[in-house]
Amino acid sequence: MKFRGKMNDILCIRQFSNIVGTVARLAKSCVLRITRERLFFIINEAGAVGNSPGLWAELDQGHFFNEFNMEGVSPENNEIFVDLQPDKLSRTLNSLKSSHAAARSLKIKLTKKHSPCLTLEVELPSLTVHLRRVVHDVPVQLIPRRQWHLYQEPEMPQFDASVYLPPLRQLKHVVERMKTLSAYVTLAANRRGTLVISVSTDIVNVSTHFKHLAVPVWDGQEYSDEYEPEELHSATVDIKKLALFLQGDQVNPTKVICIICSFTDIVEGRMIHMFLLHDDVTLQYFLPAAANI
C-alpha cells in the first residue's frame, strides 16, 4: 500500500486543518479511508441508531491536493483504511496555522518507521537559499480488509422532517446559553420550515423558534400522509454533542441541513441527522436520541 499527497494552497491547508479539528472534537479515535477520488473521516460510535456511524466526512481530494498518488490493498480493492487519533493530527496541523511564517506546502505520506505512520512534511519559507522542512509522524493502525464492511457509507434514512438551518454561529450562541440549563436539548421541525430548539427542567422551560426556513427537496423521498405538514417532529439529544458539532462553522459550510428521523423497522428509536455541506466537503453527523430522560 502506498499513499502520498501534497497541498500547495495555504487556504486548502487551513480548511483541511479545520475539518480535522472538527473530527478531533467529536471522538478520540477515527478511521481514515483513502480512495483515488476521495478521503473519508469516519467515526463509529456505540449507541448509534441502525447502522449509521457517528460521523461521515467526505473530502474531494482534487480540491485539496495538487499531487495525489495512492495504491490500495489490490487492484480490486484499491483503498486504504487506517485507524488514528485525530487530536494528534489536529495538533500538528494547528501548529502550521499558529506558525509565524505560513507553510509553503504540506506533504502527507503513509510510511513505515517503527510502526505505520502518517508522515507530515511541512515546507516553510526561509531567508536563505535553503528550504526549511519540519517533519511530524502520526502513528496509525492499518485496518485489515475483513473489517472494511464496518466503515461503509451510511444510507439515507426515511425521515419525518428536514430543514435548512440558520447560520451555525447563531445556533451555537443559542445552544451555548441553553447548555447552562440542561444536559439535553430537543430539536423539533415540521415540513413548513419551522425549527424549535428547547430545553425543559423542573424549574424552567426555554425555547427558541425559527420560522420560514428553506426546506430541502429530496429525490425519491415520499412523506407519509399520516402527519400534517405543520406537525412538529422532535428528538431529544445530548446538548454537549450538539454544541461540539456546531463548532463546525469553522469549515465555512454553504448549507447545513437538520433531519429528524424515526426508526421502526429494525431498531426502534429516533435520531437527528445533520448535513454540513461545502462545495468540496460533505460532513454527516448522527445524534441518537437520548434514552430514559
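The values are calculated or read from the model by the stated rules, or taken from the named source; none is laboratory data. A quick note: this is a predicted structure, and the numbers were derived from the prediction, not measured. Cβ atoms come from the backbone with ideal geometry, glycine included; neighbour counts cover every protein chain shown. With ligands, DNA and RNA removed, areas are computed over all heavy atoms of the protein, side chains included. Shrake-Rupley method; radii C 1.70, N 1.55, O 1.52, S 1.80 Å.
Points worth noting:
- From E123, E79, residue being touching a strand residue (DSSP E or B) at 6+ places or on another chain (Cβ under 7 Å), acidic (D, E) and at pLDDT below 95: E123
- Verdict on V256 being open to solvent by less than 50 Å² (accessible area, probe 1.4 Å), modelled with pLDDT of 80 or more and aliphatic (A, V, I, L, M): yes
- Test: residue in region 20-38 that is open to solvent by 20 Å² or more (accessible area, probe 1.4 Å), modelled with pLDDT under 90 and more than 19 Å from L242 (Cβ to Cβ): no
- In region 64-79, the residues that are of a type in the set (A, V, I, L, M, F, W, C) and closer than 26 Å to L11 by Cα: F64, F65, F68, M70
- Filter pass, V82 being out of contact with any helix residue (DSSP H, G or I) (no Cβ under 9 Å at 6 or more places or on another chain) and open to solvent by less than 10 Å² (accessible area, probe 1.4 Å): yes
- Scanning region 95-120 for residues being at pLDDT 70 or above and either among the hydroxyl-bearing types (S, T, Y) or surrounded by 15 or more Cβ atoms within 10 Å (Cβ to Cβ) (or both) gives a total of 16.
- Only one of the numbered conditions (1) aliphatic (A, V, I, L, M); (2) closer than 18 Å to A243 by Cα; (3) at pLDDT 95 or above is not met by V140, and that is (2).
- Every residue from region 155-182 that is of a type in the set (A, V, I, L, M), open to solvent by 40 Å² or more (accessible area, probe 1.4 Å) and over 19 Å from L244 (Cα atoms): M156
- For region 183-197, residues that are buried (at least 17 other Cβ atoms within 10 Å of the Cβ) and within 13 Å of L242 (Cα to Cα) total 5.
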